[in-house]
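What follows is a single structure, written as structure tokens, with notes after it.
The values are calculated or read from the model by the stated rules, or taken from the named source; none is laboratory data. Just so it is clear, the model here is predicted, and its values are computed rather than measured. Here the Cβ positions follow ideal geometry from the backbone for every residue, glycine too, while neighbour counts run over all protein chains shown. Please note that ligands, DNA and RNA were not included when accessible areas were found on the heavy atoms of the full protein model with its side chains. Shrake-Rupley method; radii C 1.70, N 1.55, O 1.52, S 1.80 Å.
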Amino acid sequence: MILKVARIGHPVLRARAKEVPPGEIRSAAFQRLLDDMVETMHEYDGVGLAGPQVHVGIRVAVLEVPASDDRARAPVPLMAVVNPRLTPLDDEKVRGWEGCLSVPDLRGIVPRHRGVRLQALDREGQPIDLQAQGFFARVLQHECDHLDGGVYLDRMEEMRSLSFLREFTRFHAPRDGDEADDD
Ligand SMILES: [Zn+2]
């Protein structure tokens, strides 16, 4: 089922999401929520979607980065992260464009840690412990911000890069065209 996406201004996007009791992960209701989040992410061509974005204030996100011509953007297989915790691998930050299904039609440049360690549970309740770099790390940081009531606008150093999608595509997108993704 495709879920309704909350847009900024809705308080659910500004609240701290609650931990998921690990015993609930394998429940039919929770599995259904994950399926619906994946379906919603795909419907809107997102590369990530967090619980608060579908009006569910719990610490869960789904993400998937499809293969593309952009070599800076390695594909990430579909995954769900429950109760994720991120630790920066070092102090290095990189700037990159982000968009968000909850901030429709806009793009902006956001500094993010180049690499992060992800600790979480997967959709079977099994532990995930991995290191993510580049765009994968960026998407994880974007999604985890949602779980703490944040959106990428909060992380922008300044607003001068903020662009509507059409202008982004016209003036700022990588030359091979349609690289605009929402998280
Ligand atoms: Zn987002």
Tell me whether the stretch 76-86 contains one or more residues that are outside any strand (DSSP E or B), surrounded by 14 or more Cβ atoms within 10 Å (Cβ to Cβ) and more than 16 Å from the ligand (Cβ to nearest atom). no
On the basis of being closer than 18 Å to A17 by Cα and open to solvent by less than 30 Å² (accessible area, probe 1.4 Å), does H55 make the cut? no
Those residues that are away from the ligand (no atom under 11 Å from the Cβ), under 19 Å from E19 (Cα atoms), free of Cβ contacts under 8 Å to residues at least 60 places away in the same chain and out of contact with any Asp or Glu (no Cβ under 9 Å at 6 or more places or on another chain), I need them from the stretch 117-142; list them, please. D122, Q126, P127, D129
Quick check on my filter: what residues within the stretch 170-183 are open to solvent by less than 70 Å² (accessible area, probe 1.4 Å), modelled with pLDDT of 80 or more and away from the ligand (no atom under 16 Å from the Cβ)? A173
Within the stretch 143-153, identify whether any single residue is more than 12 Å from the ligand (Cβ to nearest atom) and farther than 12 Å from A50 by Cβ, and answer yes or no. no
Looking at R138, is it over 13 Å from the mean Cα position of the chain (by Cα) and either among the basic types (K, R) or not in a strand (DSSP E or B) (or both)? no
Name the residue that is nearest to the ligand (Cβ to nearest atom), counting only residues in the stretch 39-52 that are surrounded by fewer than 18 Cβ atoms within 10 Å (Cβ to Cβ) and touching a residue at least 24 places away in the same chain (Cβ under 8 Å). Y44
Does L63 fit the bill of being closer than 22 Å to P21 by Cα, open to solvent by less than 70 Å² (accessible area, probe 1.4 Å) and either aromatic (F, W, Y) or within 15 Å of the ligand (Cβ to nearest atom) (or both)? yes
Going by the conditions given, is R71 over 14 Å from the mean Cα position of the chain (by Cα), open to solvent by 50 Å² or more (accessible area, probe 1.4 Å) and either at pLDDT 95 or above or of a type in the set (G, A, S) (or both)? no
